[in-house]
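Heads up: the structure comes next, in structure tokens.
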Amino acid sequence: MSLLKSDMLGLAAAAEGLDAELCRYEALATGIQRERLDSEKNLRQAVRSLKDLEDSEARLGQHLQTLVAAIASARERQQRQSLAVQERAEQIRRRTAGLTDLLTRWGALGEAAAEVNHLVQQVAATIQKSSVEEPLDAAFREVDDRLGRLADDSEELARAALTEAFVDLGRQAESLRQQLLSARNKFRLLERRRGSAGEP
């Protein structure tokens with residue numbers, strides 16, 4: 001039996017014991033009011049009833065002490081649980097703030113990747129429209145640099161997410177890093193091919 005269940009049963013048993021003894025005491029008190037005091041026999045019976053009432057009163061005191069102890073135990077348990085809940089709430093707050101920060105960084109990476117993708121499409125369109133000799137070195141360098149920075153940022157985010165035990169986000173960031181590095185390699189290959197095509 002768990003400590004919590006044991007405490008609850010103790011509290012219920014103490015309350016039931018007190019209630020039963022109160023009922024007994026009330027019955028004895030009502031009965032003694034009706035006792036006839038007009039003979040020796042009736043007086044002896046009244047004395048016995050008084051003794052029963054005193055015994056019941058003593059038991060009431062014991063039941064009250066037991067109930068007070070059970071209430072104190074329940075109160076201590078509730079306070080311990082309250083402290084545990086407060087600590088957990090603080091952990092949740094910190095974790096939520098940490099994840100919010102990481103997700104903000106993830107969103108910024110997504111926006112930056114979309115911008116680079118747009119730039120790549122512009123460069124590709126320019127290549128198709130222009131002659132081989134048209135200089136695009138600056139555009140190639142910009143795309144290459146931005147892809148490299150994004151890959152580095154993705155690696156940092158993946159490391160931060162894994163450090164914070166946000167494994168799914170860490171994997172997503174690492175996957176993005178791999179995609180960016182792959183795109184960078186393909187773009188460099190395109191640049192080399194274009195350079196080779198332009199050689200006399």
Could you tell me which of the residues Leu67, Leu119, Leu109, Leu99 is within 22 Å of the chain's Cα centre (by Cα), part of a helix (DSSP H, G or I) and not small (Gly, Ala, Ser)? Leu99
Leu37 - would you say it is hydrophobic (A, V, I, L, M, F, W, C) and in a helix (DSSP H, G or I)? no
In the list Ala89, Ala74, which residue meets the criterion of being among the hydrophobic types (A, V, I, L, M, F, W, C), touching a residue at least 40 places away in the same chain (Cβ under 8 Å) and assigned to a helix (DSSP H, G or I)? Ala74
Being farther than 22 Å from Ala27 by Cα, hydrophobic (A, V, I, L, M, F, W, C) and exposed (fewer than 13 other Cβ atoms within 10 Å of the Cβ) is the filter here, so list the residues in the stretch 37-88 that pass it. Val68, Ala72, Leu83, Ala84, Val85
Among Glu40, Glu115, which is assigned by TED's automatic domain parsing to the domain that holds Ser182 and more than 30 Å from Gly17 (Cβ to Cβ)? Glu115
Expected single match for over 30 Å from Glu164 (Cβ atoms) and under 31 Å from the mean Cα position of the chain (by Cα) among Ala13, Ala74 is Ala74
For the stretch 55-70, state whether one or more residues are assigned by TED's automatic domain parsing to the domain that holds Ala20, in contact with a helix residue (DSSP H, G or I) (Cβ under 8 Å, 6 or more places away or on another chain), under 30 Å from Gly10 (Cβ atoms) and in contact (Cβ under 8 Å) with a residue 60 or more places away in the chain. yes
Kindly evaluate Glu142 against the criterion of being at negative phi, free of Cβ contacts under 8 Å to residues at least 40 places away in the same chain and in contact with a helix residue (DSSP H, G or I) (Cβ under 9 Å, 6 or more places away or on another chain). yes
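The values are calculated or read from the model by the stated rules, or taken from the named source; none is laboratory data. Source: prediction; values computed, not measured. Heads up, the Cβs are rebuilt from the backbone with ideal geometry, glycines too, and the neighbour counts pull from every protein chain shown.
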